[in-house]
Structures are given as C-alpha cells and as structure tokens.
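Notes to accompany the following structure.
Please treat every number below as a calculation from the coordinates, not as lab data. No experiment lies behind these values; they were computed from the predicted model shown. Glycine gets a Cβ as well: all are built from the backbone with ideal geometry, and neighbour counts include every protein chain shown.
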Amino acid sequence: MIDLRLLRDDPDLVRASQTARGDDPGLVDQVLDADARRRAALTDYEKLRAEQKALGKQVAAAQGEEKHALLSHGKHLADRVKALQGDADAAEVTASELARSIGNVIEDGVPAGGENDYVVLRHEGKPRDFEAEGFTPRDHLELGEMLAAIDTERGAKVSGSRFYYLTGVGARLELALLNAAVDLALRAGFTPVITPTLVKPEIMAGTGFLGAHADEIYRLEADDLYLVGTSEVALAGYHSNEILDLSRGPKRYAGWSACYRREAGSYGKDTRGIIRVHQFHKVEAFTYTTVEDAAAEHRRILAWQEEMLALADVPYRVIDTAAGDLGMSAARKYDCEAWLPTQQRFLELTSSSNCTTFQARRLGIRERTATGEMRPVATLNGTLATTRWIVAILENHQLADGSVRVPAGLRPYLGGLETLDPVTS
C-alpha cells in the first residue's frame, strides 16, 4: 500500500509512477481529496468535542431556562459530532480503498511502458547453431514424449487442457532442479519452508495479487480461500501483523510449493507442452529486510538466480522489466529469460521483485529500529527454480538422436546421470 505521507509530500512522484505504469494518475488526486476531507472532518470534530466538554461544565452550573437551552444546544452538538465522525470514517474508507488501487512507486530508472518496453541489461551464454551441427532441434514436448518424461495427453484426459504428468526422468529432473535450488538457498542463508498453498483473502490482497490480475487466481468460494500462484503469498503472510528484529540482517526464506494459475486471457497462447500451465512447482526466495538494504538485496537475489541458471547451463538474457509489466506490488523487477531454439525467442525462467514497503504496509509487518522507531519493512522475492526450466534444459541440451545431455551442475541430483535417453517401448 502507498505511504500516505509520501502521497501528501510528493504527489508528483506518485503521479509520474502511475503514468509510467500506464495507470491513472488521477487516482492520486482522488486519494488526496478524500484524505483532506477526512482531516477537515476530524479537525471540526475535535473543535466540537472541546465545545461539548466546556458546555458540560456550563450545564452543571446553570438553572431553569438557561439550563434547558444549554441542554438543547448540547444535543445539537452531539448530533454534529456524530455526523462529523461518520464523515471522517467514510472519507478514511474512501481514501484507503483508492490508495489500494495505486501501484507501488517505481524505482528511479525503471523503463516506462508495457510488456514489450523492457531494457536488456546483458546476455549470458551463446545459443547453439543447430544448423551447423547438422540437425533440426526438436521442441521440448517432442523430446519429453521420446524420453517418456512429459505426458500432456493423459494430463488433459484427467484434468483438462494445460495439465500434464511428469514421469520417469521428467519427474526426476524437476526434483533435481528444486533440490538444487534448496541447496543453493541454504548456502545463502535462507530457511527452507514448505508453505500452505491455500491462503485467506486478506493475505492474498495484502500481497497485491487481487488487483488487475485477480482473474488469474483460483478461488475456493465454499471455503473463502485462494490457491496461491507462488509461495511468495504465503511467505509474505508468514510474519503478518508482527514486529521483526532485523538487527542481525535480513530474514530469508525459500518456499517450496505447488503453484496454481488460471491463465485467464491466454487462450491460444503457448498451448503446446508445459510452458504455460495451470499447476507447477517452484522454489521461491523471499526476504524481509530494511528499506536501506532492499536494492542491494534485490541484486543479491538476482545473483543467486544466475548461479542457479549456471547449473542449468542455458543461454539467457537479463531484462529490466518496464513499469507497466511490474505487477502492482513491485517497484522494480528483473527477469532472466532463456533462449528457446525451436521458437527463436526468449522464455522467462525467473523474476525477482523489490516490493519495498508496499506489501508490508498492507500486511502490518514492521521492524523496531535501533532508535526505537517502528516502521514497515521491505519485502523481496525471486524464483530459484520452477517446472518451466525443464523446457529450456531439454531444448538447449538435446542431441541429434533425441537424447538430452544432463547439465553437469545437475548430475549430482540425478545420481550422476549424464544423458537422458529415449524410451523405445
């Protein structure tokens, strides 16, 4: 949630952020108007309350007609006080609801625009020249079926479109990735957590996921619970309404969970294979830290993500995501996108977001500073490994006969296996 003091002190900054996101900058003025009405009502309320107290002393000393007049005036004051309290409360609700519609204020340097307005920061690794190698690469689904690793046909039979089974080496490869991510997280000082995948509405709303993209989320109406699309949601709620001690550094958690996304609005997009699916697994890094440390922690999370990508040994690029593609809660987001040879495009494998104090304000998560000040913490998150990585690994490490070379960094997690071989029967 936006800091109202920032909104009052520097509304132009928030307006500029809204404009860069492609959102309505007029919301800023609507919030300020409601906030001004709330404060004006409270000022008048306090004046009348003081008058009420003074009147009480006068009534006690008065007699006869004077007392009757004072009592009548007292009743009128009481009605006005009650009305002003109602006005202040209504204005506060309006200001709060409008403020919740404003996205986090973006960091300096974030590109303006939408999904296609990102800035490429750098490329890592070199895509293979399959033509020079003398064969046409197969896509991940064809490879997965040859390896008996991916079964989308039975997934659709049992659950519908965009569902799948990972079998044999497919299941082992996903577990290898996730376990490698947990090992990296442990070395980096994260606490591993198996998180709930169902959360209450206030937790989902607190993370900023019930805004413009609420239709992406599965809701269990009978229980009034939401299925998470990332363990970020449950990890953000872990310390809700708590005061944290960050004097010894950030609190870091690595959440392993199943994730669910409705993929609303993606009809006809990435329908083949397991690129865009309704259910997948992921290990997510999540950090609570101080405002001053947040940008540095963001860079650290990106470095850990790239350490994981080095294990997968796929060519990728790092992009600085444009403001309109950040999502409501992020002030900045870096994505790592792997090269997909059969589609000649880049595919997002990781995201890392600095949410500054936006989620913490909504969820009531604060720290006590060395001087005793109470203030919201900063929260950050980033993918360490997920099911989609299998797509990039299969396509970038395939051989002409349909087998797939196992990246050296993942071999210890697959019992030393060096290649995944086609299954002939």
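Numbers below:
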{"quantity": "Relative exposure of Lys157, Lys67, Lys282, judged by other C-beta atoms within 10 Å (fewest first)", "calculated": "Lys157, Lys67, Lys282"}
{"quantity": "Formal net charge of residues neighbouring Ala400 (Cβ-Cβ distance under 11 Å; K, R +1; D, E -1)", "calculated": "-1"}
{"quantity": "Exposure proxy order (Cβ contacts within 10 Å, fewest to most) of Asp9, Asp320", "calculated": "Asp9, Asp320"}
{"quantity": "Theoretical gain in end-to-end length, Asn116 to Thr167 [0.36 nm per residue, Cα-Cα removed]", "calculated": "14.8 nm"}
{"quantity": "Charge context of Pro412, other residues only, Cβ under 12 angstrom, K/R +1, D/E -1", "calculated": "-1"}
{"quantity": "Interchain or long-range residues, amide H under 5 Å from Tyr165's placed H", "calculated": "Asp151, Thr152, Gly155"}
{"quantity": "Lys, Arg +1 and Asp, Glu -1 on Cβ, resulting dipole of segment 119-420 about Cα centre, debye, nearest 20", "calculated": "460"}
{"quantity": "Cβ-based net charge around Leu309, under 13 Å, with every Lys or Arg adding one and every Asp or Glu removing one", "calculated": "-4"}
{"quantity": "Kyte-Doolittle at least 0.5, axis length at least 24 Å by Cα - qualifying DSSP helices, the chain", "calculated": "169-187"}
{"quantity": "Prolate/oblate/rounded label for segment 300-358 (Cα gyration tensor, a/c 1.5)", "calculated": "oblate"}
{"quantity": "Stokes-Einstein translational diffusion, segment 217-318 - Kirkwood Rh over all Cα pairs, 1.002 mPa s, 20 °C, in µm²/s", "calculated": "131"}
{"quantity": "Whole-number D in µm²/s for segment 4-99 (Stokes-Einstein; Kirkwood sum over Cα pairs; 20 °C, 1.002 mPa s)", "calculated": "137"}
{"quantity": "Rounded to whole Hz, the Karplus (6.51, -1.76, 1.60) HN-Hα couplings of segment 340-357, x for glycine and proline", "calculated": "10, x, 6, 10, 6, 8, 9, 10, 4, 10, 9, 10, 9, 10, 9, 9, 6, 9"}
{"quantity": "³J(HN,Hα) computed for each position of segment 400-412 - Karplus, 6.51 cos²θ - 1.76 cosθ + 1.60, integer Hz, glycine/proline x", "calculated": "4, 7, x, 7, 10, 6, 7, x, 4, x, 9, 4, x"}
{"quantity": "Footprinting exposure proxy for Val14, Val110 (fewest neighbouring C-beta atoms within 10 Å first)", "calculated": "Val110, Val14"}
{"quantity": "Sequence-distant residues sharing a close amide H with Val406 (under 5 Å, placed H)", "calculated": "Thr419, Leu420"}
{"quantity": "5 angstrom amide H check on Glu367, placed H, neighbours 5+ away", "calculated": "Leu244, Arg375, Val377"}
{"quantity": "The chain: C-alpha pair distances exceeding 29 Å, %", "calculated": "54"}
